[in-house]
Ligand code: CAA
């Protein structure tokens, strides 16, 4: 693994940093308070080619590597994790899944506009519908039914905690077709939001990533053409697991960005704030906190880059993506709490951003597989 970035990777990192500072920073506190989806920011991200970063140019993507994706995700997440989760889901879960396993027709019809993030001048993004009210970590227990009706499936059920739930135009839905066969009976279907029988639930009122759009989605007798099934009959659960392995690199990089954003703010604050006659950066209590934060963040970054490199090299990245996710998300939570502590009372008020990073960090330990699920994946692979 080469630890030297290419010129192109560094350009992408810089472009993401510039975008985050000029487009995401203004209004980030208000969007968080009002739970306002960052629509304009996502549109501009699409114009930059960041909504389908790793998709081949043949299908409207930017053809970049996963290392570049990690660099971009980190920079954007330092400023606004509500923007970066939308970017991550569209890139890693939706576009990647269709490009890896979809038919040529599905790629032309759905992947191309999803990778561009825009269709007919309007935002065009996707969502990944695996979780249900009673199937979160236990993802094989799908209650949503896709009944085989010959030329189509009849879809019924409810999905929960769906990122981009009301803003997405296209859903990748995991549903059970052969209940007796448990996970081997699950299929993944491409469903359009405006089809009859699709209902979007209310937006969740969340602790963090409040700008992002999280809803439930209900399906009542939705007719899904057979040609919208992704992969062979019964491939849906493996599709979800393989797609999530890449998704976890995205969320690990988001967590890395939250951690490094908190660290950068803590350093700036420590250089300016005076206590006991000198800037607090001269106190060892603060220096040791910053040293520990920097060390853990660097370790998280290396894990994210290793997982990305393995994916780019077409190696198996299941373990490395879970390791990156569990370590980065725990580093994000811990670093954000330390950043609040360094800020003292100011860390507890909204103007200083670190309290938002602390709230945003928590979800990275939960979605796309909790820390406990990542430990299951890692330990099973190690002990096999
Ligand atoms: N690649 C391919 N196949 C895999 C796989 C992988 N990485 N992991 C498991 N499988 C296969 C297994 O081989 C097995 O198939 P066979 O029986 O045919 O061999 C099948 O999947 C079932 O695997 P397990 O027996 O290991 O299943 P399990 O019930 O013990 O659970 C689990 C495994 C790892 C806990 C899994 O259920 C899991 O990852 N749960 C978490 C789900 C998750 O991440 N949800 C996030 C929702 S999406 C989200 O958050 C998006 C968003 O909007 C931000």
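Can we say residue 289 is in contact (Cβ under 8 Å) with a residue 24 or more places away in the chain and in contact with a helix residue (DSSP H, G or I) (Cβ under 7 Å, 6 or more places away or on another chain)? Considered against the rule, which asks whether it is in contact (Cβ under 8 Å) with a residue 24 or more places away in the chain and in contact with a helix residue (DSSP H, G or I) (Cβ under 7 Å, 6 or more places away or on another chain), residue 289 comes out as yes.
Just give me the residues in region 232-245 being under 16 Å from residue 129 (Cα atoms) and more than 7 Å from the ligand (Cβ to nearest atom), in sequence order. Listed by number, the residues that qualify are 235, 236, 239, 240, 243. Out of 150, 211, one residue alone is buried (at least 19 other Cβ atoms within 10 Å of the Cβ) and assigned to a loop (DSSP other than H, G, I, E, B). It is 211. Restricting 154, 256 to residues that are touching a residue at least 12 places away in the same chain (Cβ under 8 Å) and farther than 17 Å from residue 366 by Cα narrows the list to 154. Within region 176-208, the residues that satisfy the criterion of being away from the ligand (no atom under 14 Å from the Cβ), in a loop (DSSP other than H, G, I, E, B) and out of contact with any helix residue (DSSP H, G or I) (no Cβ under 8 Å at 6 or more places or on another chain) are 193, 194, 195, 196, 197, 205. The single residue among 335, 328, 379, 371 that is within 27 Å of residue 204 (Cα to Cα) and either out of contact with any helix residue (DSSP H, G or I) (no Cβ under 8 Å at 6 or more places or on another chain) or within 13 Å of the ligand (Cβ to nearest atom) (or both) turns out to be 371.
Any read-out appearing in this document is the output of simple, stated calculations on the displayed coordinates, not a laboratory observation. This structure is a prediction, so every number in the text was calculated from the model and none was measured. Quick reminder, even Gly has a Cβ in these numbers, built from the backbone with ideal geometry, and neighbours come from all protein chains shown.
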